[in-house]
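Read through the structure below, which is laid out as structure tokens, and then see the notes.
Just so it is clear, none of the values below were taken in a lab; they were calculated from the coordinates. These figures come from a predicted structure and were not determined experimentally. Glycine also receives a Cβ, built like all others from the backbone with ideal geometry; neighbour counts cover every protein chain displayed.
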Amino acid sequence: MSTLEIKNLHVSVETEDGEKEILRGVDLTINSGEVHAIMGPNGSGKSTLAYSIAGHPKYQITEGEVLLDGEDILELSVDERARAGLFLAMQYPVEVPGVSVANFLRTAKTAVDGEAPKLRTWVKDVNAALERVTLDPSFAQRSVNEGFSGGEKKRHEIAQLELLNPKFAVLDETDSGLDIDALRVVSDGVNRYTAQGDRGVLLITHYTRILNYIKPDYVHVFVAGRLAESGGQELAEQLEAEGYDKYVKAAAAL
Ligand SMILES: Nc1ncnc2c1ncn2[C@@H]1O[C@H](COP(=O)(O)OP(=O)(O)OP(=O)(O)O)[C@@H](O)[C@H]1O
Ligand SMILES: [Mg+2]
């Protein structure tokens, strides 16, 4: 069993007007086997949380801890965090011209496992992973995300998730921009991953629609840089009906 603990996390970014605090004391514990959904208004800091866990250099941790099985991962480089078992599917996946999907995936797998996957089985594994997310095998030879449609980028992230098979996956709006069929394909991929039983997911989303396919154990409301409320699936339904208004007002009154 593994645990990802976020304790009193404060994060700032450097802006033209000086330091700006975005995360203002995030507390969240994810155990393996659990799916946590985070919902919150635009600009509340959800992606900042995802990037901070993954180790993006733009985000300065000013206070707090992120522990993976008790080890402080904030001391680790991005690579070391991936090797420790963390994975981030970005809201806006970056294009990497000149690097093919096949090479990218192999390099990532080698970095995570500490040894290169066997070439013969690897090609098969990659093609199977692409096929499961309904991407044509020809995508393996294309530059990473270059010219991919929004939905193709998201499906490629799920192929990565399945091939790298991390302990914990942070999925930042992996459902945005997907058509109805792609939403199902992506959800099926996440469900295959969680069906292993000992994996943890932090699923950032704006839409309750994906929560019909991926059943969260916990739903959290994220407002103004911290968690405002936690509950079960019923909380997502309440948000869908009532919006974030009450939480935004309560946060502003603090
Ligand atoms: N370099 C920066 N300079 C100034 N503000 C920044 C910078 N980086 C992030 N921010 C601000 O931090 C806040 C949180 O951004 P973040 O992307 O984490 O929000 P989000 O909750 O993911 O929103 P969305 O739902 O739209 O994806 C936003 O107001 C954003 O403008
Ligand atoms: Mg975001």
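Here are a few things to note about the model shown:
- Extension gain (nm, one decimal) between Glu240 and Ala111, 0.36 nm per residue minus Cα-Cα: 42.4 nm
- The calculated 222 nm mean residue ellipticity attributable to helices in the chain amounts to -11000 deg cm²/dmol, summing -39500 (n - 2.57) over DSSP H runs of n ≥ 4 and dividing by all residues.
- Bridge type composition, the stretch 49-192 - antiparallel percent by DSSP, nearest 5: 50
- Beta bridges assigned by DSSP with both partners in the stretch 3-252 are antiparallel in approximately 60 percent of cases.
- Here the 3J(HN,Hα) profile of the stretch 218-234, calculated from phi with Karplus coefficients 6.51, -1.76 and 1.60 at θ = phi - 60°, is 9, 10, 10, 9, 10, 9, 6, x, 7, 6, 9, 6, 10, x, x, 3, 4 Hz, Gly and Pro shown as x.
- Spacing of the modelled spin labels on Asn42 and Glu80, each 7 Å from Cα toward Cβ, amounts to 3.8 nm.
- Cβ-placed point charges (K, R +1; D, E -1), dipole of the stretch 104-211 about Cα centre in debye, nearest 20: 300
- Radius of gyration and maximum dimension Dmax of the stretch 3-252, Cα, Å: 17.9, 57
- Among the listed pairs Lys20/Lys109; Lys46/Lys167; Lys7/Lys246; Lys7/Lys124; Lys167/Lys249, those beyond 30 Å (Cα-Cα): Lys20/Lys109; Lys7/Lys124; Lys167/Lys249
- Helix axis angle, 150-164 relative to the chain longest principal axis, alpha carbon, degrees: 80
- Full extension of the chain between Val94 and Arg184 gives 30.1 nm of extra length, using 0.36 nm per residue less the Cα-Cα distance.
- Near Glu14: Cβ cut-off under 14 Å, other residues only, Lys/Arg at +1 and Asp/Glu at -1. The net charge is -2.
- Dipole magnitude for the stretch 3-252: about 720 debye, using +1 per Lys or Arg Cβ and -1 per Asp or Glu Cβ, origin at the Cα centre.
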